[in-house]
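Below is one structure; the comments refer to it alone.
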Amino acid sequence: MVELTEQTKDGAAKVVFMIVVFIAATATRGDWLLFVVYLSKSQWQTLIDTSSLNEVANVSVSSEDVGVLERWKLQNLPLFLLLAVTSSFVMYYGVAFGFMWFFYINRRDKAHEWKCQPTKFLTPSNERHEILLGSSNMLFGSMVSGVIACYITNGGYSKMYYGLSDYGWSYLPLSAFAMFMYNDSLAYYLHRLFHNPFLYRHIHKVHHRYHQPTAFSAVAMHPAEFVLYQGYLAAIPFMVPIHPAVFVTVLLYTYYYGLMDHSGVKMDAFWPWQPPSQFHDNHHKYFHVNFGFNSYLFDWLHDTIDKPNREYAEDIFGGFGRPKTESKAKAKSLKMS
Ligand SMILES: [Zn+2]
Ligand SMILES: [Zn+2]
């Protein structure tokens, strides 16, 4: 009876923890600032007194600098950068350290209950490596988000629109679906491209140092790769008409599952198309398989989902592994010779 109560308590603690994680994770990186754009241009304008924001931002900027920033439609840039960078770091590392504390420290002895790879943990040197590399990417990424949000807020060129019905109501879900597919297809094909032997060894292997990923691993990758992923997402509001609520919602969805998929914690997704966290954890465990992030679609189309009768390893390229019997026969023949 006592045990049951403790289990219930533990279960309740997990639910509360995941709700906190969900709220915090959705605020990572500076893109939420585009909501400020939306609010400042919508009928709720009076709710945000932008003149007070201007005052705060201009305190530390000389009049000469303001002129330069205004010319580039970047007035209030220091404030945007400050908000984007601090919110990113507080939320992202808050979530990642939260996972560390809740699962990896407090529930380490029960790893078989919650961990995708219950008997293996990242080495301390790789933990330090992913925190340092992830931090530098986050710093760069959040600054870029801050600059873009600032530029668009100040009326810089973009195709973002602010009236919900400007392109018709059906355009909202359609554009969300199009952005989701644009991201999911590019993420799959670029990721798969990075798994060819040359690009893998020179660039993508950095991310695959983490055989048992943690939430910190989500943005710990070669800077060139990070810039590419961030770049094709940041390009969207400059290419097609998109409402900030749609843009930010789809971005937050991908960031949230990016974190969950790397957490190392077994979790089923709420949406039927979203693979559970075990799927990407297996990508880190088996290397050249399970390339997708937010759906099974492209892995299913190209038959690159991991299979129990195939063997996978860092030197088995291509995405299909090899039959287990073949490698066993090879090992046997090696032993014989
Ligand atoms: Zn990979
Ligand atoms: Zn990964």
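For region 218-337, what does the relative contact order come out to in percent, with C-alpha contacts under 8 Å and a separation of six or more?
RCO, region 218-337: 15 percent.
What trypsin sites (Lys or Arg not before Pro) does region 149-242 have in DSSP loop regions with at most 14 other beta carbons within 10 Å?
In loop regions of region 149-242 (DSSP not H, G, I, E or B), the sparsely surrounded trypsin sites (Lys or Arg not before Pro) are Lys159.
Past 28 Å, Cα to Cα, is the threshold; run Lys159/Lys266; Lys115/Lys205; Lys110/Lys205; Lys115/Lys307 against it and keep the listed order.
Listed pairs above 28 Å: Lys159/Lys266; Lys110/Lys205.
Label Leu82 and Tyr232 with points 7 Å out from Cα along Cα→Cβ: what is the distance between them in nm?
With each label placed 7 Å out from Cα toward Cβ, I get 3.6 nm.
Separation between the Asn309 and Asp109 pseudo-spin-labels, each 7 Å from Cα along Cα→Cβ, expressed in nm?
4.3 nm
Any read-out appearing in this document is the output of simple, stated calculations on the displayed coordinates, not a laboratory observation. Treat the numbers as computed from the prediction; the structure is a model and nothing was measured. Cβ sites come from the backbone with ideal geometry, for glycine too, and all protein chains shown count toward neighbours.
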